[in-house]
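Report on the following structure.
No lab work stands behind these numbers, since they all come straight from the coordinates. Since this is a predicted model, take the numbers as computed values, not measurements. All Cβ positions, glycine included, derive from the backbone under ideal geometry; neighbour counts span all protein chains shown.
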Amino acid sequence: MTDGSPSDPDGSSPARSSSDGSSPDGSTPTVLAVDDEPDLAELCRVYLDGRYDVRIATSGETALEEIDDDVDVVLLDRRMPDLSGHEVLSEIRSAGYDARVAMLTAVEPDVDIVDMPFDDYKTKPVTREGLIALVEVLLERAAFDERSQQFFALASKKAALEASGTTDTEEYDELVERMEAVRTEVDETLDRLSVEDAFAEISTNVS
């Protein structure tokens, strides 16, 4: 696997968002931030406003009302009183929305995250730079094919479990096996992209 960006099947490189957050076609990506603490939801808006169109929701039910096909990224709290983040995530996937979803939560990851269909997992608190970098990474991943996105999601789960010290489990071992199997399938697609570019620890990469 070499560095760079993967090609689509027709040989073209996937589109990437620009440094100001806009898409190559000039449109501004839409981010939905979901947190049952209004101050934290509003803080996400403050951090991201000016680079993205930002919607906020302070409950799982409101999140499902706010999401539509225009939403590119969802930042989803895991522990909420009406619908949990897990339940909201399941509803988003069942409805067929193509948004990239990051769990942004104070809940330390455990083996129960292995089968959750999110794209990334970050524990609070997150700095402004870290939040912008997370959104940028998710937007870039969206340009890849489904199998490559699955690889990135598995790699993110692996990193989350390693960061929490949850590696001495059967679930972790199975996750690593799944990730390596998918890696084999997508190596050709990823021949011009380093894994570090798509899935690194990104808390300090954006100024």
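Just a few scattered comments:
- Gain on full stretching of the segment that runs from Asp70 to Arg128 - 0.36 nm per residue minus C-alpha separation: 18.6 nm
- Distant-in-sequence amide contacts of Val74, defined by a placed amide H-H separation under 5 Å and a gap of 5 or more residues or a different chain, comprise Leu32, Arg100, Val101, Ala102.
- Here the 3J(HN,Hα) profile of the stretch 122-133, calculated from phi with Karplus coefficients 6.51, -1.76 and 1.60 at θ = phi - 60°, is 10, 8, 6, x, 10, 6, 4, 5, x, 5, 4, 5 Hz, Gly and Pro shown as x.
- Ordering of 117-125, 28-36, 163-171 by burial proxy (mean other Cβ atoms within 10 Å per residue, highest first): 28-36, 117-125, 163-171
- Cα gyration tensor category, rounded, prolate or oblate, for the stretch 100-172 with a/c compared to 1.5: oblate
- Modelled spin labels at Asp187 and Asp115, positioned 7 Å past Cα toward Cβ, are 3.0 nm from each other.
- Here the simple spin-label model places points 7 Å from the Cα toward Cβ, and for Arg178 and Ala163 these points are separated by 1.9 nm.
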